[in-house]
Amino acid sequence: MSTGYHRFDGAGPDQLDAMRQLSGRLWSWSSRWHPGELAWFWCEHGGPDPAWRLAHWRHGERVVAWAWARGGRLDLQLDPAHLALTAQIAAWFGGRAVTVLDAETGLIGELARHGYERQEDGRFFAHLRRPLGADLPAPAPPPDGYTLRPVGGPEDAAARAAVHAAAFSVPMDDAAYRGVMRAPSYRPELDWLVVAPDGTPAASALAWVEGEIAVLEPVGTDPRHRRRGLAAAASLAALRVARDLGARQARVCARGDDGYPAARAAYEAIGFRAYARNVRLVRR
C-alpha cells in the first residue's frame with residue numbers, strides 16, 4: 001500500500017533547494033538546521049562530492065524530509081508531523097551513525113525504535129544564541145596595521161579561501177569560494193575579512209540571514225594571528241549588518257566540550273549563550 005511519500009535522489013541544485021525549503025519552513029530553536037548553513041556546507045568544497053548520497057522526500061507537493069549521508073554518517077531533517085517516515089530514511093541510509101539536535105526528541109525516539117542509541121565520546125557541538133538588539137557591541141578596532149572590511153566581491157575570493165584554509169587546515173581555493181558567493185542567500189556585506197599589516201588575510205566571519213535569524217558560518221582565524229580579537233571583530237561587524245537587514249536573533253555552533261573550549265569562550269565573550277547541543281546516535 002502506498003504511503004504517499006515519494007523519494008528524490010541526487011546531488012543537483014534541486015536537492016539543495018528542497019533541503020533549504022524544508023529547513024526554512026521548520027526553523028525554530030528546536031531545529032538543528034538553518035538554510036544558510038546548508039548553503040555553506042554544500043558550496044564550501046566547490047559543489048557536491050561524488051561520495052555523498054542525498055535524498056529528499058515529498059508528501060504531495062510538500063518537502064517533508066531530507067537525508068545526507070557522507071563519511072559514514074547521516075545528517076537529516078524530518079518534519080515532526082511525518083515521523084512515520086523515519087523507517088524509510090533509516091532503511092535508505094543503512095549505516096550506523098546519525099547526528100541530531102538534543103531538542104529533536106520525537107526524532108530521537110523514532111530512531112531509538114530502529115536501533116539507534118545515544119553514544120557519548122566526550123566531544124560535541126553546542127548551539128549558542130544571542131539577541132541582536134541595541135546592546136550588540138560595535139567591533140573593537142583591530143590592532144595597529146590590521147584592517148577590518150567587508151568582502152568586495154569575487155576579487156576577494158582568493159583571500160577568503162586562503163584564510164579559511166589556514167584557519168581550519170582544510171583545502172580551499174578561490175574557485176570553491178566563488179561557488180559560495182554564487183549561493184542564493186550569500187551577501188557580500190555579510191562577509192567580513194581582517195587583513196594583516198603585510199596584506200595577508202588573517203581572519204574572517206560570514207553571516208547568513210533568513211527572516212529574523214542570522215547564522216554565523218564559518219568564523220576563523222589564521223593560527224599566526226590568533227589571540228588578537230580578530231574573529232570577534234569580524235563576527236560583530238557581520239552581525240551588525242545582519243541586524244540592519246532585519247535579523248533579530250543570531251546563532252552559531254562551536255565545540256561545546258572541554259576538550260576544545262576556545263571557540264565557545266570566544267562566542268560567549270560577545271554575548272552568545274548555549275541553549276542546545278548535537279548528539280550522536282549509533283545503531284546497536
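A few notes on this one:
- Condition check for Leu239: over 19 Å from the mean Cα position of the chain (by Cα), buried (at least 21 other Cβ atoms within 10 Å of the Cβ) and either on the phi < 0 side of the Ramachandran plot or not hydroxyl-bearing (Ser, Thr, Tyr) (or both): no
- Test result for Gly256, under 16 Å from the mean Cα position of the chain (by Cα) and outside the structural domain of Gly24 (by TED's automatic domain parsing): yes
- Whichever residue in segment 84-138 is hydroxyl-bearing (Ser, Thr, Tyr) and assigned to a helix (DSSP H, G or I) and, among such residues, is surrounded by the fewest Cβ atoms within 10 Å (Cβ to Cβ): Thr105
- Selected residue (only one of Ala138, Ala134 is in the same structural domain as Val194 (by TED's automatic domain parsing), closer than 26 Å to Arg187 by Cα, in contact with a helix residue (DSSP H, G or I) (Cβ under 8 Å, 6 or more places away or on another chain) and not charged (D, E, K, R)): Ala138
- Flag for Arg70 being modelled with pLDDT of 95 or more and surrounded by fewer than 18 Cβ atoms within 10 Å (Cβ to Cβ): no
- Any hit, segment 155-164, residues being of a type outside the set (Lys, Arg), surrounded by fewer than 16 Cβ atoms within 10 Å (Cβ to Cβ) and assigned to a strand (DSSP E or B): no
- So Ala134, is it more than 22 Å from the chain's Cα centre (by Cα) and without any contact (Cβ under 8 Å) to a residue 12 or more places away in the chain: yes
- Taking the criterion of being surrounded by 22 or more Cβ atoms within 10 Å (Cβ to Cβ) and of a type in the set (Phe, Trp, Tyr), the residues of segment 165-192 that qualify are Tyr177, Trp192.
- Considering segment 167-284, the qualifying strands (runs of 3 or more DSSP E), each wholly inside and each with 1 or more residues that are touching a helix residue (DSSP H, G or I) at 6+ places or on another chain (Cβ under 8 Å) and at pLDDT below 95, run over 201-210, 249-255.
- When Pro143, Pro184 are screened for being within 20 Å of Ala266 (Cα to Cα) and in contact with a Lys or Arg (Cβ under 9 Å, 6 or more places away or on another chain), only Pro143 passes.
- In segment 143-153, residue surrounded by the most Cβ atoms within 10 Å (Cβ to Cβ) [restricted to those that are part of a loop (DSSP other than H, G, I, E, B) and modelled with pLDDT of 95 or more]: Val151
- Any chance Arg251 is farther than 30 Å from Gly12 by Cα, touching a strand residue (DSSP E or B) at 6+ places or on another chain (Cβ under 9 Å) and outside the structural domain of Leu74 (by TED's automatic domain parsing): no
- Looking across segment 42-61, the residues that are without any contact (Cβ under 8 Å) to a residue 40 or more places away in the chain and not acidic (Asp, Glu) come down to Pro48, Pro50, Ala51.
The values are calculated or read from the model by the stated rules, or taken from the named source; none is laboratory data. Bear in mind the structure is a predicted one, so any value in this text is a computation, not a measurement. When we count neighbours, we look across all protein chains shown, and the Cβ atoms used for this are built from the backbone with ideal geometry, even at glycine.
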